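Enquirer: Take this structure first; my questions come after.
Just so it is clear, none of the values below were taken in a lab; they were calculated from the coordinates. Quick caveat, the model's predicted, so the values are computed rather than measured. Counting neighbours? That spans all protein chains shown, and the Cβs are built from the backbone with ideal geometry, glycine included.
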Amino acid sequence: MLYDFVNNEALPGTDLDPDSFWAGVDKVVTDLTPQNQELLKIRDELQAQIDKWHRHRVIEPWTPRPTGSSSPTSDICCPNPKISPSPPQASTTRSPRRPARNWWCPYSTRALR
């Protein structure tokens, strides 16, 4: 498929002869194969190190705890789970309209006019 594409689509209209092109491709592949094999070996070694690192750092799966049970972080998150702070009261009054600002744009649309 690649051979047909190169010979019938890519090379026509160029000054390259298909036989010399494929001879060059063969030389490049032959010359770079040992280096490519060495790089693949290094990649496999690095991946093995990464896999080993992750296997040694497996943590216990998260399971939800019932309300009121103690956990190492329960005192930090909420000192008394039965008394949690109530959410702020929502306002139903409308504020005056002003141009919206996007999080990525530090300037209001009014400043750009």
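Enquirer: Can you pull the one-decimal nm distance between simple spin-label points at VAL29 and GLN89, each 7 Å off the Cα toward Cβ?
Expert: 7.8 nm
Enquirer: Where in the stretch 25-45 is the amide nitrogen less than 18 Å from a point lying 7 Å along the Cα-to-Cβ axis of HIS54?
Expert: Backbone N within reach: 43-45.
Enquirer: Subtracting the Cα-Cα distance from 0.36 nm times the residue separation, let me have the gained length for THR14 to LYS41 in nm, one decimal. It would help to have the intermediate numbers written out before the result.
Expert: Working: separation 27, 0.36 × 27 = 9.72 nm, distance 3.80 nm.
Working it through step by step, the gained length comes to 5.9 nm.
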